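First the structure, in the form of structure tokens, and then the observations on it.
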Amino acid sequence: CPQVVWSMLGNRQFCSYKMTTKTQNFCRNEYNLTGLCNRSSCPLANSQYATVREEKGRCYLYMKTIERAAFPRRLWERVLLSKNYEKALEEIDENLIYWPRFIRHKCKQRFTKITQYLIRIRKLTLKRQRKLVPLRRKIERRENRREEKALIAAQLDNAIEKELLERLKQDTYGDIYNFPIHAFDKALQQQDAESESESEAEREEDDDDEDVNKREFVEAEDSELSDFEDMDKLETSSEEEQEEEEEVEQKAKISKSKGKTPLKGPARRKRPHIEIEYEEETEPSTKTKAA
Amino acid sequence: AGDGSGPVPGDATGPSAPQRVLFPPTFSVSEIKNKQRRHFMFLRWKQQQRKEKLALKKKRKKEREALGDKAPPKAVPKTIENQRVYDETTVDPNDEEVAFDEATDEFAPYFNRQTVPKILITTSDRPHGRTVRFCEQLATVIPNSHVYYRRGLALKRIIPQCIARDFTDLIVINEDRKIPNGLVLSHLPDGPTAHFRMSSVRLRKEIKCKGKEPTEHVPEVILNNFTTRLGHSIGRMLAALFPHDPQFIGRQVATFHNQRDYIFFRFHRYIFKSEKKVGIQELGPRFTLKLRSLQKGTFDSKFGEYEWIHKRREMDTSRRKFHL
């Protein structure tokens, strides 16, 4: 009878448990011992069959014999295997004594594999596990859009600039930057008109602290980059010069008012330099010249 | 034939002069069955509306000019920031309770200059190239910070070790699909833990017009717009990453700007061109954070006591309500 079953299912006609792939046939039957679709591994085509299956971490040995072929409900006999690996193997041997070698061997192999993966599961659950949080597309999109709008509303550059200027006004920088206030400077302007020319050379050297005269040049330029590069190079050297500069600058205070018009006096003296510096291409040459 | 299809029958001058269109009062453009004609009528109706609107504007402008000085002030347009629902936990700068809280919370030692921040930056397991590079750049931006690889260590075990080695803050950058997308910031000696969602991460090479690398100078810190109590505590947390005394020679500034619950981080170098004008140049990475949860105590997702969690159903109901 099993031969008939096999000739129907296995070879020619349809078996709903059979899955074919390019190289192999698999059997999806849950009682299958090896998982392949073979004459010797088909639980339907063998009247005497055994498997090992695990449920909730415990392994059971399932057996099927011809005597019970008429009673589907009692067909599969279940035996709990002990947790001890060697003992369980012995139990399998005991129960499958006088059974074909193939089934015994495959049962033991399957049992080994099952215990191994159970051990692995137990080990992994002790480690930290990645919690997968599903992304919600609508929410993600909404948040991205809101972020963009918030970015536009934030006007970051303006905000930062405003904050920095506020800090400058509130004197958090102390004496590093000397941007003198209007009235004070206009008074000193005439006095220090002469001392300016002397300290010109010194002032041109220091790039770190804003030299008041130099500021005019800088405003005319478009690129800050060249400025920054030089600032970085000369930063360290300028530290020493800072004290000198402060004194110098205190003497020569020119009002940093809105336009350049009130500064025509000292500016004129600087004109040759101004002209050169307005041309950005020759700018490096002037820096080297100053230094 | 019919009512209002094609050139309107009430119009004496024909279709070429849509200005004098008179629609019968019960007429509606959508009632025309023919698509082409319907479309045509709709366009005409739209033109009319636009003309009316323009006329109204002109009239209003004339009135305004006519009034001259007595004209009412121009209406301020409504923005989301204007219309923001008033949050009762907004911090008043003179609030004593807040000041007292701040004097006694976990950041007090930092703000009293008793501790110097020392930061450990790490990632989740097996970081990819982008995350690694981002960590490195972040380490250059934040002074006194160290990057260590995770290698499968549990955070709960790292934390006691960090405390033993005098670290004040722990930053864990979480990665998903090869890009960093989350940030866990934990203040170490028993401080609060904030979990952020990180987005739009730009590395230095992706920023246009960037300057040179950030130097070793201690940058200044700008915290903008942290108004509520929650925002205040987050702001303090972020400020506690940086050492207290910025080196103004370095002219670098790190900005955390909060806008509508998104915290934008930027790192700039500034230069004062005059007393009214400052130029800034962006260097360093940039990213935006959105707070997801704030937990008292160090990182403990199961048993920690959460001070604030973002609950979507309750908190995202109003477009004008923000929590930071």
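The values are calculated or read from the model by the stated rules, or taken from the named source; none is laboratory data. Everything numeric here is computed off the predicted structure, so don't read it as measured data. Cβ atoms come from the backbone with ideal geometry, glycine included; neighbour counts cover every protein chain shown. With ligands, DNA and RNA removed, areas are computed over all heavy atoms of the protein, side chains included. Shrake-Rupley method; radii C 1.70, N 1.55, O 1.52, S 1.80 Å.
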Counting only residues that are open to solvent by less than 70 Å² (accessible area, probe 1.4 Å), out of contact with any Lys or Arg (no Cβ under 7 Å at 6 or more places or on another chain), within 14 Å of chain A (Cβ to nearest Cβ) and in a loop (DSSP other than H, G, I, E, B), region B:143-164 contains a total of 2
Exactly one of B:V76, B:V98, B:V147, B:V85 is among the aliphatic types (A, V, I, L, M) and closer than 27 Å to B:H268 by Cα, and that one is B:V147
Of the residues in region B:260-276, those that are within 27 Å of the chain's Cα centre (by Cα) and either open to solvent by less than 10 Å² (accessible area, probe 1.4 Å) or of a type in the set (S, T, Y) (or both) come to B:Y262, B:I263, B:F264, B:F265, B:F267, B:H268, B:R269, B:Y270, B:I271, B:F272
Filter region B:76-95 for residues that are charged (D, E, K, R) and at pLDDT 80 or above; the one that is nearest to the chain's Cα centre (by Cα) is B:E81
#### Entry: Any hit, region B:184-199, residues being under 23 Å from A:N158 (Cα atoms) and either among the basic types (K, R) or in contact with a helix residue (DSSP H, G or I) (Cβ under 7 Å, 6 or more places away or on another chain) (or both)
yes
Of the candidates A:E90, A:E77, A:E67, the one satisfying the condition of being within 29 Å of A:R122 (Cα to Cα), at pLDDT 90 or above and either part of a helix (DSSP H, G or I) or within 49 Å of the chain's Cα centre (by Cα) (or both) is A:E90
Quick count over region B:71-101, residues being among the polar types (S, T, N, Q) and open to solvent by 100 Å² or more (accessible area, probe 1.4 Å), is 1
Checked pairs for region B:197-209, first without any contact (Cβ under 8 Å) to a residue 12 or more places away in the chain, second among the acidic types (D, E), C-beta under 9 Å and 6 or more apart or across chains, list as B:K208/B:E282
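Among the residues of region A:17-40, which ones are open to solvent by less than 70 Å² (accessible area, probe 1.4 Å), in a loop (DSSP other than H, G, I, E, B) and without any contact (Cβ under 8 Å) to a residue 60 or more places away in the chain?
A:N29, A:Y31, A:N32, A:G35, A:C37, A:N38 - these are the residues of region A:17-40 that are open to solvent by less than 70 Å² (accessible area, probe 1.4 Å), in a loop (DSSP other than H, G, I, E, B) and without any contact (Cβ under 8 Å) to a residue 60 or more places away in the chain.
Just the residues that are among the charged types (D, E, K, R), closer than 25 Å to A:R130 by Cβ and open to solvent by 50 Å² or more (accessible area, probe 1.4 Å), please, taken from region B:113-142.
B:R126, B:R130, B:R133, B:E136 - these are the residues of region B:113-142 that are among the charged types (D, E, K, R), closer than 25 Å to A:R130 by Cβ and open to solvent by 50 Å² or more (accessible area, probe 1.4 Å).
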Among the residues of region B:217-224, are any assigned to a strand (DSSP E or B), out of contact with any Lys or Arg (no Cβ under 9 Å at 6 or more places or on another chain) and open to solvent by 10 Å² or more (accessible area, probe 1.4 Å)?
yes
B:I179 being farther than 27 Å from B:V116 by Cα, touching a residue at least 60 places away in the same chain (Cβ under 8 Å) and surrounded by fewer than 21 Cβ atoms within 10 Å (Cβ to Cβ)
no
A careful count of residues in region B:301-324 that are of a type in the set (A, V, I, L, M), more than 30 Å from A:K169 (Cβ to Cβ) and within 13 Å of chain A (Cβ to nearest Cβ) gives 1
Criterion first (open to solvent by less than 30 Å² (accessible area, probe 1.4 Å), farther than 23 Å from A:N158 by Cα and within 18 Å of the chain's Cα centre (by Cα)) does B:L289 satisfy it? no
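Would it be correct to say that B:L120 is in the same structural domain as B:P189 (by the TED database), outside any helix (DSSP H, G or I) and over 26 Å from the mean Cα position of the chain (by Cα)? Break it down into steps so the answer makes sense when it comes.
Values: in the same structural domain as B:P189 (by the TED database): yes; outside any helix (DSSP H, G or I): yes; over 26 Å from the mean Cα position of the chain (by Cα): no.
Here the answer is no, as B:L120 does not meet what is asked.
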Flagged in region A:123-142 as part of a helix (DSSP H, G or I) and either touching a Phe, Trp or Tyr at 6+ places or on another chain (Cβ under 9 Å) or loosely packed, with under 10 Cβ neighbours inside 10 Å (or both), in numbering order, are A:K123, A:T125, A:L126, A:R137, A:K138
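Only one of B:R133, B:R165 is in contact with a strand residue (DSSP E or B) (Cβ under 9 Å, 6 or more places away or on another chain) and either among the basic types (K, R) or free of Cβ contacts under 8 Å to residues at least 24 places away in the same chain (or both). Can you tell me which?
So the residue among B:R133, B:R165 that is in contact with a strand residue (DSSP E or B) (Cβ under 9 Å, 6 or more places away or on another chain) and either among the basic types (K, R) or free of Cβ contacts under 8 Å to residues at least 24 places away in the same chain (or both) is B:R165.
Out of B:T193, B:T228, B:T298, I need the residue that is open to solvent by less than 10 Å² (accessible area, probe 1.4 Å) and more than 27 Å from A:T172 (Cβ to Cβ). Which one?
B:T193
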Selection from region B:277-286 of residues within 10 Å of chain A (Cβ to nearest Cβ), in contact (Cβ under 8 Å) with a residue 40 or more places away in the chain and open to solvent by less than 20 Å² (accessible area, probe 1.4 Å) yields B:Q281, B:L283
